[in-house]
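Engineer: To start, I am sharing the structure in question, which I have written as structure tokens.
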């Protein structure tokens, strides 16, 4: 075949090659495309090839005869290309309250974990892009691409794992949301996502303890900054509900919902506590009553909401208890543990080749004492004296001695 004829079929050859590379994980680089064309005696340079792909991508996007589009992937070795199902072939989406659950979960990752902001924003944008157009503005005031593409495999897996890890939402609710995620993804990635859905690491229960309908009530109360009430329970040895306060209702000023340690917590303003905050696990809540969203939360609660991120470390890492300025001395091999417990902003002072020290405000509680005990020999509690005495008395009591 002559060089001239080979050039005429180059675009068709590029299209055939890209059709066989479905999904982001199967992307083919510009160099690989060039070599594949050269094997068919079709010479081309990189710049011309990129122009051809851009022209081809624009053509098939607007042509209803094609059921896929061409996507660009930037890698450390240069550009790569792959194909995914066309947006108009994705016909299933979440309900509004399911979108809110997912978006709120992604937002709160930045409060409890050191997740990269760009990754969190990317996940939210991809999720919002799958929503009906009339719903997007309400979900989040972000400028998003109007083109609705399926979720890529990595984003879908992160969301599926997030849903699977939430112990409060199992059974039919989690199944439905995960199945919707899978259906929003490219069809060539579905087997991998089904495997992720059935990951044996996550235990799956037959029923959930709180319904999405009641969670929706909580979200609406938070959004409208209004009070609501509920009943709160513990479980006995037979998993029977034992209601606190003799079954009387808790009346709260809600601030936000935050996932932590596989649970979902409602954070409320409470002026009777030292931190002015109180937490409730939503899988222990029942009979949520919003009373028409008519009674607003207090001005103090609104002010507390603005400073909430600075308190989440104490809420979830140290639990409730009196706040003390504590000095700890520890081996430098525990620096990672210190960052994990107090955050990477904590100031660490090195006092010798292998020893460091911190002075930090800490809530003194049994969970803190348990955390401290595991580093016996590598960490010392230097003060204040009342905290040392509290720790000593606790140890004596556990061993059966009179403090």
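Laboratory data are not the source of any read-out in this text; all were calculated from the coordinates shown. Values in this document were obtained by computation on a predicted structure and should not be read as measured data. Cβ sites come from the backbone with ideal geometry, for glycine too, and all protein chains shown count toward neighbours.
Engineer: With a ≥ b ≥ c the root eigenvalues of the C-alpha gyration tensor of region 323-398, is it rounded (a/c under 1.5), prolate (a/b larger than b/c) or oblate? Numbers along the way, then the final one.
Structural biologist: Values: a/c = 1.73, a/b = 1.55, b/c = 1.12.
Prolate.
Engineer: Taking neighbour counts of Cβ atoms within 10 Å as a proxy for exposure, in what order, fewest first, do 399, 44 appear? Write out the running numbers ahead of the final one.
Structural biologist: On the way: 399 7, 44 17.
Fewest-to-most Cβ neighbours within 10 Å comes out as 399, 44.
Engineer: Please give the FRET efficiency for residue 234 paired with residue 125, using the beta carbon to beta carbon distance and R0 = 41 Å, rounded to the nearest 0.05. Mind showing how you got there, number by number?
Structural biologist: Values: r = 40 Å, r/R0 = 0.99.
Computed FRET efficiency for residue 234 and residue 125: 0.50.
Engineer: Between residue 307 and residue 26, what length comes free when the chain is fully extended (0.36 nm per residue of separation minus the Cα-Cα distance, one decimal in nm)? Show your work: numbers first, answer last.
Structural biologist: On the way: separation 281, 0.36 × 281 = 101.16 nm, distance 4.48 nm.
Gain in length upon complete extension: 96.7 nm.
Engineer: Something else about it: Fewest first, what order do 222, 358 take by the number of other Cβ atoms within 10 Å?
Structural biologist: Going from sparsest to densest Cβ surroundings: 358, 222.
Engineer: For region 3-89, what class follows from the C-alpha gyration tensor (a ≥ b ≥ c being the square roots of its eigenvalues): rounded when a/c is under 1.5, otherwise prolate if a/b is larger than b/c, else oblate?
Structural biologist: Cα axes put region 3-89 in the oblate bin.
Engineer: Express in nm, to one decimal, how much length is gained between residue 394 and residue 325 on full extension, taking 0.36 nm for each residue of separation and deducting their alpha carbon distance.
Structural biologist: 22.9 nm
Engineer: Something else about it: Fewest first, what order do 287, 216 take by the number of other Cβ atoms within 10 Å?
Structural biologist: 287, 216
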